[in-house]
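Chemist: Shown below is the structure under consideration.
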Amino acid sequence: MTDSRSTTAVVLRAAGVPMRVEPVTLRAPGPGEVLVRVAAASLCHSDLSLATGVLPQPLPAVLGHEASGTIAELGADVHEFAVGDPVLLLWNPPCRECWYCRHDQPYLCEHAADRVGEPYGWDDSGAPLYPGLSTAAFAEHTVVPARACYPLPTDIPLDLAALLGCAVTTGVGAVLTTAGVRPGESVVVVGLGGVGLAAVSGARIAGAAPIVAVDTVPEKLALAGTFGATHAFPAGRAVRDEVRALTDGRGADHVFDCVGLAKTIKDSWRLARRGGALTVVGIGAKSEVVEFSSLELFHFARRILPCMNGSLDADRDLPGYFGRVRDGSLDLRAMVSREIGLSGVQQGFDDLAAGRVVRVVVHPGQQEDK
């Protein structure tokens, strides 16, 4: 075993099997890498999909990709950070050298996921562990490439900044960057998890009107107005009539599916007007197949825009997100349903799957839930 560092992490050993807290040995940061002390990591549906086997992940693994922390140790050739620097972890870090990065699509970087299949540590028996979505943040410490860290301004709360690692930048970015919503355009957001509520916030920031929120959970519908929704409807056949009534019978200019199921994507498609746009933000399984007839594609002339990571270019976009946190137009605290320690991660996932929470924030050093 190479030079190593001891820590504690939540380990997933098999898909669908409850995770548990275990001692873990990380390899020391190598050239171009850093050891990060995790301050906060929030639970995301992408992690849930990895835990249940909907999305592939080498196992055993430590999940958690929406995170913030401080630099604890530098590997060789890392000069852009110092020990103690606060950072946001980037689960999809661009290399800045591949074709996609050089053509202004760093969120599609060819090398962003290189580390997913590379062991980054060992369990108590010496078996290799893999980093979920390259990040492995449900732990006291993790080892990541320096390019997977973005410096956080000291006036951005370190614990809340974790939400900028995925949910907020994906949801807001889907609206502002991927779809390019303009003032006065009508928006429907289907699915009000963390990403969906962030999309509602993005629509408000864009000046959209009306902003319609759709979900199956009454509590989330009640919360939607806090983020900027002008109307909130329970999912079902009546939503289409409600949306048409609000848009002079046309349908919405923009619809954002933040669920990713074949049914919700097709239902969302039907909510858009002719010539409107459907942006698919949620991640579904390979088995979720959506069908469109050639005639309806021709007749409705709607655009379908897949959204990866909110089309994020961290260098270009994150300073703007920090500015919105400062001026209050992005309320990160409002998204947090609960704060827990590592021992509460499995229950947090159960609650996430049941729709009882929006975002659960994990503080690895915290012993009791709040």
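Chemist: What ³J(HN,Hα) values, in whole Hz, does the Karplus curve 6.51 cos²θ - 1.76 cosθ + 1.60 give for segment 348-363 when θ = phi - 60°, with x put for Gly and Pro?
Modeler: x, 5, 4, 5, 5, 5, 7, x, 8, 9, 9, 9, 9, 9, 9, 10
Chemist: Whole number in Å², please: accessible area per residue of the chain, 1.4 Å probe, ligands, DNA and RNA not counted.
Modeler: That works out to 41 Å² per residue.
Chemist: A further question follows. What's the magnitude of the charge dipole for segment 184-258 around its Cα centre, counting Lys and Arg as +1 and Asp and Glu as -1 at the beta-carbon? Answer in Debye, nearest 20.
Modeler: Dipole size: approximately 40 debye.
Chemist: Shifting gears a bit: Select from Gly355, Gly180, Leu297 the residue farthest towards the positive end of the dipole of the chain; place +1 on Cβ of Lys and Arg, -1 on Cβ of Asp and Glu, and compute about the Cα centre.
Modeler: It is Leu297.
Chemist: Please give every one of the aspartates and glutamates within straight-line cross-link reach of Lys263, meaning a C-alpha to C-alpha distance under 14 Å, and leave out same-chain neighbours fewer than 8 residues apart.
Modeler: Asp215, Glu288, Glu291
Chemist: Just want to confirm a number: the relative contact order over segment 166-262, from Cα pairs under 8 angstrom separated by 6+ residues, in percent. All intermediate terms of the calculation are to be shown ahead of the outcome.
Modeler: On the way: 193 pairs, mean separation 29.7, N = 97.
Across segment 166-262, relative contact order equals 31 percent.
Chemist: Next question, about the same structure. Pairing the Cα long axis of helix 218-227 with the longest principal axis of the chain, what angle in degrees results, from 0 to 90 and rounded to the nearest 10?
Modeler: 90 degrees
Chemist: Another question, if that's okay. What fraction, in whole percent, of alpha-carbon pairs in segment 1-120 exceed 16 Å separation?
Modeler: On the way: 4933 of 7140 pairs.
The share of Cα pairs beyond 16 Å in segment 1-120 comes to 69 percent.
Chemist: Just for the Cα atoms in segment 168-319, what are the lengths along the principal axes, largest first, rounded to whole Å?
Modeler: On the principal axes, segment 168-319 reaches 43, 30, 29 Å in Cα extent.
Chemist: Rounded to the nearest 500, what is the chain's calculated 222 nm mean residue ellipticity when only DSSP H runs of at least 4 contribute -39500 (n - 2.57) each, over all residues? Spell out each step's value before the answer.
Modeler: Numbers: 10 runs with 91 residues, N = 370.
Calculated at 222 nm, the ellipticity per residue is -7000 deg cm²/dmol.
Chemist: Further, regarding this structure: Let me have the relative contact order for segment 84-218, percent, based on Cα pairs under 8 Å that are six or more residues apart.
Modeler: Working: 206 pairs, mean separation 27.4, N = 135.
Over segment 84-218, the number comes to 20 percent.
Chemist: About the Cα centre, and with charges only on the beta carbon of Lys, Arg (+1) and Asp, Glu (-1), how big is the dipole of segment 266-370? Nearest 20 debye, please. Kindly include the intermediate steps, with their values, before the conclusion.
Modeler: Numbers: 15 positive and 14 negative charges, 97 e Å.
Value, rounded to 20: 460 debye.
Chemist: OK, next. Calculate one ³J(HN,Hα) per residue across segment 201-206 by plugging θ = phi - 60° into the Karplus curve 6.51 cos²θ - 1.76 cosθ + 1.60, and present them in order as whole Hz with x for glycine and proline.
Modeler: 4, x, 5, 5, 4, 6
Chemist: Same structure, new question: Roughly what angle does helix 262-271 make with the longest principal axis of the chain, taking Cα atoms, 0 to 90 degrees, to the nearest 10?
Modeler: The answer is roughly 40 degrees.
Chemist: Continuing with this model, one more query. Which cross-chain or sequence-distant (5 or more) residues have an amide H under 5 Å from the amide H of Cys149, H modelled 1.01 Å from N in plane?
Modeler: Here Leu90 satisfy the definition.
Chemist: On to the next question. For the chain, take the longest principal axis of its alpha carbons; what is the angle in degrees between that and the long axis of helix 314-327, to the nearest 10 within 0 to 90?
Modeler: Helix 314-327 sits at roughly 80 degrees to that axis.
Chemist: Still on this structure, please answer the following. Arg20 versus Ala238, label points 7 Å from Cα toward the beta carbon: distance in nm?
Modeler: With each label placed 7 Å out from Cα toward Cβ, I get 4.8 nm.
Chemist: Moving to a separate point now. In bins 10 Å wide, starting from 0, what share of all Cα pairs of segment 103-183 does each bin hold, as a percent?
Modeler: Reading the bins upward from 0: 13, 37, 34, 13, 3, 0.
Chemist: Starting from 0 in steps of 10 Å, tell me what percent of the Cα-Cα pairs of the chain lands in each bin.
Modeler: 5, 25, 33, 24, 10, 3, 0
Chemist: Where does the charge balance sit around Val143 when Lys and Arg score +1, Asp and Glu -1, over other residues with C-beta under 10 Å from its C-beta?
Modeler: Values: positive: Arg5, Arg27, Arg115; negative: Glu33, Glu73.
Residues close to Val143 contribute a combined charge of +1.
Chemist: Given H placed on each backbone N at 1.01 Å, which residues far from Glu33 in sequence or on other chains put an amide H within less than 5 Å of it?
Modeler: Those qualifying (amide H under 5 Å, at least 5 residues apart or on another chain) are Gly75, Ala76, Ala146.
Chemist: Under Stokes-Einstein, with the Kirkwood radius over Cα pairs standing in for Rh, what whole-number D in µm²/s applies to segment 1-63 at 25 °C and 0.890 mPa s? Present the calculation step by step, with values, prior to reporting the outcome.
Modeler: Working: Rh = 13.2 Å.
For these conditions, the coefficient is 186 µm²/s.
Chemist: Taking amide H atoms as placed 1.01 Å from N in the peptide plane, list the residues 5 or more away in sequence, or in a different chain, whose amide H sits under 5 Å from that of Gly121.
Modeler: When sequence neighbours closer than 5 places are left aside, the close amide H contacts are Arg27, Leu129.
Chemist: Can I ask one more? If you average the sequence gap of Cα pairs under 8 Å that are 6 or more apart and divide by the length of segment 288-370, what percent do you get for the contact order?
Modeler: Values: 56 pairs, mean separation 21.6, N = 83.
Computed over segment 288-370, the figure is 26 percent.
Chemist: On to the next question. How long is the gain from Thr70 to Lys286 if the chain were fully straight, where each residue apart is worth 0.36 nm and the alpha carbon distance is subtracted? Could the numbers behind the result be given before it?
Modeler: Details: separation 216, 0.36 × 216 = 77.76 nm, distance 3.62 nm.
Gain in length upon complete extension: 74.1 nm.
Chemist: While we're on this one: For the chain, what is the percent of antiparallel DSSP beta bridges, rounded to the nearest 5? It would help to have the intermediate numbers written out before the result.
Modeler: Numbers: 36 of 63 bridges.
Among the beta bridges of the chain, antiparallel pairing accounts for roughly 55 percent.
Chemist: Just to confirm the filter: which GluC sites (Glu not before Pro) across segment 209-313 are DSSP coil and have at most 12 other Cβ within 10 angstrom of their Cβ? Don't jump to the answer; show the numbers that get you there.
Modeler: Details: sites: Glu219, Glu242, Glu288, Glu291, Glu296; in loops: Glu288, Glu291.
Answer in residue order: Glu291.
Chemist: What does the convex hull of the Cα atoms of segment 264-365 come to per residue, in Å³, rounded to a whole number? Mind showing how you got there, number by number?
Modeler: Working: hull volume 18.1 nm³, N = 102.
So the per-residue Cα hull volume is 177 Å³.
The values are calculated or read from the model by the stated rules, or taken from the named source; none is laboratory data. Treat the numbers as computed from the prediction; the structure is a model and nothing was measured. For neighbour counting, all protein chains shown are included, and Cβ atoms are generated from backbone atoms with ideal geometry for every residue, glycine included. These area figures cover heavy atoms from the full protein model, side chains too; ligands, DNA and RNA do not enter into them. Shrake-Rupley method; radii C 1.70, N 1.55, O 1.52, S 1.80 Å.
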